[in-house]
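Asker: Take this structure, written in structure tokens, and hold onto it; I'll ask about it next.
The values are calculated or read from the model by the stated rules, or taken from the named source; none is laboratory data. Here the structure is a predicted model, which means the values were calculated and not measured. Cβ sites come from the backbone with ideal geometry, for glycine too, and all protein chains shown count toward neighbours.
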Amino acid sequence: MLRSFVPAFALWCTACGLSAEVSPCQGTASYLHVDTAAHRLWLCDDATAERSYDIRLGKGGVGKTREGDGKVPLGTYGLGAPRPSVEYGTFIPIKYPTREQRALGYTGSAVGVHGPNRDLRWLGGLINVFDTTDGCVGLATDDETSALASWVTSKNAAIIELE
């Protein structure tokens with residue numbers, strides 16, 4: 001009886017907007033955490049996940065080392081202040097590469113968290129079906145991106161972890 005209840009409960013939780021996922025949030029600061037394998041971004045305030053979003057990643061996968069490779073970097077980086085973007089609505093810069101990575105020969109620029117491309121925003125959540133960014137973390141809608149930008153600003157979140 002219990003074995004049939006657990007999957008049904010998980011399905012009900014998902015349908016009601018509740019989540020049975022385990023939070024990756026730790027520590028004592030406000031930051032963003034990205035699980036690239038799960039295609040998920042969490043808003044972490046101390047050790048509490050305040051919200052999470054489905055995301056799309058770089059068309060080249062993960063493990064960025066050079067400009068134009070289409071990959072999302074892995075590691076811990078600083079976050080810049082959210083700013084308007086003609087192409088994506090809102091763009092939150094990721095401070096990649098770090099000084100240490102630059103010394104190792106890593107290259108790249110314009111890496112960030114952003115909303116949907118202006119020409120494709122009509123797709124809504126379907127935009128996240130495929131990894132299509134040039135090495136960024138993409139959210140599906142302008143509403144999600146605006147909420148994220150507001151949270152980053154209000155919490156003074158200055159760090160993003162990409163694993």
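Asker: Mind listing just one residue for me: the one in the stretch 22-42 that is over 18 Å from residue 74 (Cβ atoms) and among the aliphatic types (A, V, I, L, M) and, of those, surrounded by the most Cβ atoms within 10 Å (Cβ to Cβ)?
Answerer: Filtering the stretch 22-42 for residues that are over 18 Å from residue 74 (Cβ atoms) and among the aliphatic types (A, V, I, L, M), the one surrounded by the most Cβ atoms within 10 Å (Cβ to Cβ) comes out as 29.
Asker: Please find, within the stretch 86-116, the residue that is modelled with the highest pLDDT out of those that are crowded, with 16+ Cβ neighbours inside 10 Å, among the small types (Gly, Ala, Ser) and not in a loop (DSSP other than H, G, I, E, B).
Answerer: The extreme case among them is 112.
Asker: If you check every pair at least six apart or on different chains, which have Cβ atoms under 9 Å apart with a residue in the stretch 141-163 that is at positive phi first and a residue that is crowded, with 16+ Cβ neighbours inside 10 Å second?
Answerer: 156/30
Asker: Related question: Exactly one of (1) of a type in the set (Phe, Trp, Tyr); (2) out of contact with any Gly (no Cβ under 7 Å at 6 or more places or on another chain); (3) surrounded by 14 or more Cβ atoms within 10 Å (Cβ to Cβ); (4) without any contact (Cβ under 8 Å) to a residue 40 or more places away in the chain is unmet by residue 53. Its number?
Answerer: Condition not satisfied by residue 53: (4).
Asker: Let me ask another. Does at least one position in the stretch 89-102 carry a residue that is under 15 Å from the mean Cα position of the chain (by Cα), over 18 Å from residue 145 (Cβ atoms) and among the hydroxyl-bearing types (Ser, Thr, Tyr)? Full working, then the answer.
Answerer: Here is the first cut: in the stretch 89-102, the ones under 15 Å from the mean Cα position of the chain (by Cα) are 90-96.
Filter again for over 18 Å from residue 145 (Cβ atoms), leaving 95-96.
When the remaining residues are screened for being among the hydroxyl-bearing types (Ser, Thr, Tyr), the result is 96.
Scanning the stretch 89-102 turns up at least one residue that is under 15 Å from the mean Cα position of the chain (by Cα), over 18 Å from residue 145 (Cβ atoms) and among the hydroxyl-bearing types (Ser, Thr, Tyr).
Asker: Residue 77 versus (1) in contact with a strand residue (DSSP E or B) (Cβ under 9 Å, 6 or more places away or on another chain); (2) farther than 17 Å from residue 160 by Cβ; (3) outside any loop (DSSP other than H, G, I, E, B): which is the lone unmet condition?
Answerer: That leaves (2) as the condition not met.
Asker: Let me ask something else about it. Does residue 158 count as modelled with pLDDT of 95 or more and either more than 17 Å from residue 40 (Cα to Cα) or not aliphatic (A, V, I, L, M) (or both)?
Answerer: yes
Asker: Answer yes or no as to whether residue 59 is surrounded by 15 or more Cβ atoms within 10 Å (Cβ to Cβ), farther than 24 Å from residue 158 by Cβ and modelled with pLDDT of 95 or more.
Answerer: Here the answer is yes, as residue 59 does meet what is asked.
Asker: The conditions are (1) more than 24 Å from residue 118 (Cα to Cα); (2) in contact with a helix residue (DSSP H, G or I) (Cβ under 7 Å, 6 or more places away or on another chain); (3) modelled with pLDDT of 95 or more; (4) hydrophobic (A, V, I, L, M, F, W, C), and residue 20 fails exactly one of them. Which is it?
Answerer: (3)
Asker: Any idea which of (1) free of Cβ contacts under 8 Å to residues at least 40 places away in the same chain; (2) closer than 20 Å to residue 56 by Cβ; (3) of a type outside the set (Gly, Ala, Ser); (4) surrounded by 16 or more Cβ atoms within 10 Å (Cβ to Cβ) is the one residue 120 doesn't satisfy?
Answerer: Single failed check for residue 120: (4).
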